[in-house]
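Worksheet: the structure to be examined is printed underneath.
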Amino acid sequence: MQLPVIAGNSRKALWVAVTFSLILLLFRCARTGSWQYAFLLWNLFLAWVPYYITWMMQRLHSGKWPLAVWAPVFGLWLLYLPNAPYIITDLYHLPEGGAPRWFDLILILSFAWNGLLLGFISIKQMQAMFLQRFPRWPVQLFILPVMLLCGWGVYIGRYLRWNSWDLVVQPVPLLRETGAMVLHPLEYSHVWGFTVCMGLFMHILYHLKFAAQK
């Protein structure tokens, strides 16, 4: 199976989109004298991490790696993947003001779209590498669980304020809090409501994006 790579035109379009977001942010900072939305830069950087992981896996021919090496890298990718769609929830900051609301709306949406795009490309690449290693695995049993885990990760990051690296830095309290959600799902119905809605929303957008390319 030939692994997918980003075509030249798609790569250029991605850089154009990122550049547009950066210009909007710099313009806002210059006009308001405030770095109020500078956190978007960090969130976009985190959205690049899963894309960079799959890009490196392709370049280093991960299909030839032993499972003992491949599996932890896959786990690391899955851990950082929710950072890509997380930027959507930065729309919560919209009422903060400082600039026209329409401008801030376009600013945050542009960053959110870039985050989603990076995440979707990374998922597409990992999907191909996963099915190359496990060819009998049904594709939908890869995509849907990944999207649902992303939705859960976004909730954990936005509402519980945990970061991806906290699994290493503070594993016990993180696992205690997330484990309670799994062991007592009825007590955390709001968590799973968000997870399912966010996961299905991403699932639909993902298929719409790649269906449009066929």
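The values are calculated or read from the model by the stated rules, or taken from the named source; none is laboratory data. This is a predicted model, so every value here is computed, not measured. Because the Cβ atoms are built from the backbone with ideal geometry, glycine has one as well, and the counts that use them run over all protein chains shown. Quick note on the areas: whole protein, heavy atoms, side chains included, nothing else; ligands and nucleic acids left out. Shrake-Rupley method; radii C 1.70, N 1.55, O 1.52, S 1.80 Å.
Listed values, structure above:
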quantity	calculated
Net charge of Cβ neighbours under 13 Å - reference SER21; Lys, Arg +1; Asp, Glu -1	-1
Per-residue HN-Hα couplings for the stretch 137-148 [Karplus 6.51, -1.76, 1.60; θ = phi - 60°; Hz; x = Gly/Pro]	6, x, 4, 5, 7, 9, 5, 4, x, 4, 5, 5
Trypsin sites (Lys or Arg not before Pro) within the stretch 114-155, DSSP loop, no more than 13 other Cβ atoms inside 10 Å	ARG136
Whole-number percent relative contact order across the stretch 1-116, with pairs defined as alpha carbons under 8 Å at least 6 apart	36
Carbon plus sulfur fraction of accessible area for the chain, probe 1.4 Å, in percent	71
Along each principal axis, Cα extent of the stretch 121-214, largest first, Å	43, 26, 22
Net charge contributed by nearby residues that have their C-beta within less than 15 Å of THR54 (K/R +1, D/E -1)	+4
Largest-first ordering by accessible area, 1.4 Å probe, given options ILE143, ILE23	ILE23, ILE143
For the stretch 75-120 and the stretch 14-57, distance of Cα centres in Å	9
The stretch 63-137, accessible area per residue, ligands and nucleic acids excluded (1.4 Å, Å²)	45
Value of relative contact order over the stretch 76-142, rounded to a whole percent, pairs C-alpha under 8 Å and six or more apart	33
Most to least accessible of HIS184, HIS203 (protein chains only, probe 1.4 Å)	HIS184, HIS203
Relative contact order of the chain, defined on C-alpha pairs under 8 angstrom at six or more residues apart (%)	23
Residues of the stretch 62-76 with amide N under 15 Å of the 7 Å Cα→Cβ point at PHE134	67-76
Candidates MET57, MET181, MET147: whichever shows maximal mean-square fluctuation once the chain is modelled as a Gaussian network with Cα springs under 10 Å	MET181
